[in-house]
Structures are given as C-alpha cells and as structure tokens.
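S.K.: First the structure, then my questions, so here it is.
The values are calculated or read from the model by the stated rules, or taken from the named source; none is laboratory data. Computed from a prediction, not measured in an experiment: that's the story for all the values here. Don't worry about glycine lacking a Cβ; one is built from the backbone with ideal geometry, like all the others, and counts go over all protein chains shown.
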Amino acid sequence: MDILAHGLWTNVMYRSIPKTRENSKIIWWGVLFGMLPDLVSFTPVILVRLYYTVFENHPATFLTEAFHTYKFSEYATISYNYTHSIVIWIVAAALIWLYLKEFPWVLLGWGIHVFIDIFSHTFDFFATPFLFPISDFEVSIISWAHPGFMIVNYSLLLILYFFALLGRQASTSVNQQQ
Ligand SMILES: [Zn+2]
C-alpha cells in the first residue's frame with residue numbers, strides 16, 4: 001500500500017486499541033514504524049530519482065529499464081526482503097519483548113504494514129516476501145495503485161477520520177457544558 005495510507009491506517013489501529021489509544025508517544029512512534037518499512041527500502045531510490053529528474057532532466061520510473069540500472073534499485077530490492085518479512089518482524093518483536101519484558105507496541109505498526117502489503121501488492125511490483133528467509137512464497141491479488149483499490153481505501157479512511165472528528169467534537173462540547 002502507499003506510505004500515506006499506511007500511516008493513516010496505523011494511526012486508526014493504535015487509536016482503536018485500549019492499551020495504546022491514550023498514549024500519544026506510542027501512537028506517533030508506532031505510526032513512524034508503520035511507514036518505516038517503505039522509508040527504509042525506498043528513500044534512497046526516491047532521492048536518486050529526484051536528483052535525476054531535477055538536475056539531469058532524466059526522470060526514471062520504477063518500472064523502466066533506466067531505473068534498474070541505478071545501484072539503489074538493488075538496495076531497494078534486497079532490503080525489501082528484510083523490511084517486509086513477517087518472520088523477521090516476529091523475531092525482532094519477540095527479542096525486544098523478552099528484553100523489555102513487555103510487548104513492544106510501537107513495533108505493531110511494522111507488523112501491520114507487512115500484513116496489509118501481503119494483500120495489496122502483485123507480482124508486477126514488489127510482491128511482499130512475507131515469509132523471507134524461510135520461503136519465497138508470495139501473494140498476488142490486487143495492487144494498491146489500482147484505481148478501484150485507491151478509491152475504496154481512501155473512502156474508508158475519509159469516513160473513519162470524519163466520524164472520529166465528529167466524535168471528538170461531540171466529546172469536547174460535552175466537556176465544555178459540564
Ligand atoms: Zn510496504
């Protein structure tokens with residue numbers, strides 16, 4: 001899924017869990033972790049693309065041949081295995097859980113990111129290697145960039161945020177009346 005939608009859904013998730021909904025520190029760090037898998041894998045590529053577009057007047061999209069000649073595309077492909085693996089996430093979360101002796105809630109954003117990506121990528125563009133390094137099994141259902149997916153996804157987000165805003169306004173006016 002796209003990074004903005006990842007951030008917005010992660011925020012919804014944290015604000016729905018009783019254990020985390022009142023803790024803004026967990027929410028904001030968790031939202032960052034919800035976007036981090038893509039930031040870690042794609043930031044170098046995006047910066048290189050930006051450089052070529054602005055300074056060399058030579059834009060290259062992810063799927064063109066030119067893109068694959070950039071060294072950073074190799075970094076994106078390799079790092080994607082690590083940032084988008086449920087296996088790696090389980091190991092990391094378990095180790096930190098053992099060390100801290102409490103569940104690392106901020107890491108839940110990362111786990112949810114991988115889970116959503118399993119079903120919102122296709123073989124054409126970074127299918128999610130969620131079982132890496134145990135298996136290379138991947139799922140190809142619908143791309144997050146498909147117009148239908150985009151419309152449904154952002155409509156749901158819009159409805160959720162609209163009602164959350166209404167709920168917040170209602171509770172503020174009740175508090176003011178008391
Ligand atoms: Zn992703």
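S.K.: I'm trying to understand the selection: among the residues of the range 9-28, which are surrounded by 19 or more Cβ atoms within 10 Å (Cβ to Cβ), of a type in the set (A, V, I, L, M, F, W, C) and either within 14 Å of the ligand (Cβ to nearest atom) or assigned to a loop (DSSP other than H, G, I, E, B) (or both)?
M.R.: TRP9
S.K.: Name the residues in the range 119-163 that are closer than 22 Å to ASN11 by Cα and touching a Leu at 6+ places or on another chain (Cβ under 7 Å), would you?
M.R.: LEU157
S.K.: Now a separate question. Just for the range 122-135: of the residues that are among the aromatic types (Phe, Trp, Tyr) and closer than 28 Å to PRO147 by Cα, which one is farthest from the ligand (Cβ to nearest atom)?
M.R.: PHE123
S.K.: Go through the range 139-167 and report how many residues are surrounded by 15 or more Cβ atoms within 10 Å (Cβ to Cβ) and either touching a helix residue (DSSP H, G or I) at 6+ places or on another chain (Cβ under 8 Å) or in a strand (DSSP E or B) (or both).
M.R.: Qualifying residue count for the region: 5.
S.K.: Specify the residue that is nearest to PHE149 (Cα to Cα); the eligible residues are those in the range 98-121 that are in a helix (DSSP H, G or I) and either of a type in the set (Phe, Trp, Tyr) or at pLDDT below 95 (or both).
M.R.: Among residues in the range 98-121 that are in a helix (DSSP H, G or I) and either of a type in the set (Phe, Trp, Tyr) or at pLDDT below 95 (or both), the one nearest to PHE149 (Cα to Cα) is PHE119.
S.K.: Mind telling me which of the residues ALA127, ALA93 ends up being part of a helix (DSSP H, G or I), without any contact (Cβ under 8 Å) to a residue 40 or more places away in the chain and in the same structural domain as ILE46 (by TED's automatic domain parsing)?
M.R.: From the options ALA127, ALA93, the qualifying one is ALA93.
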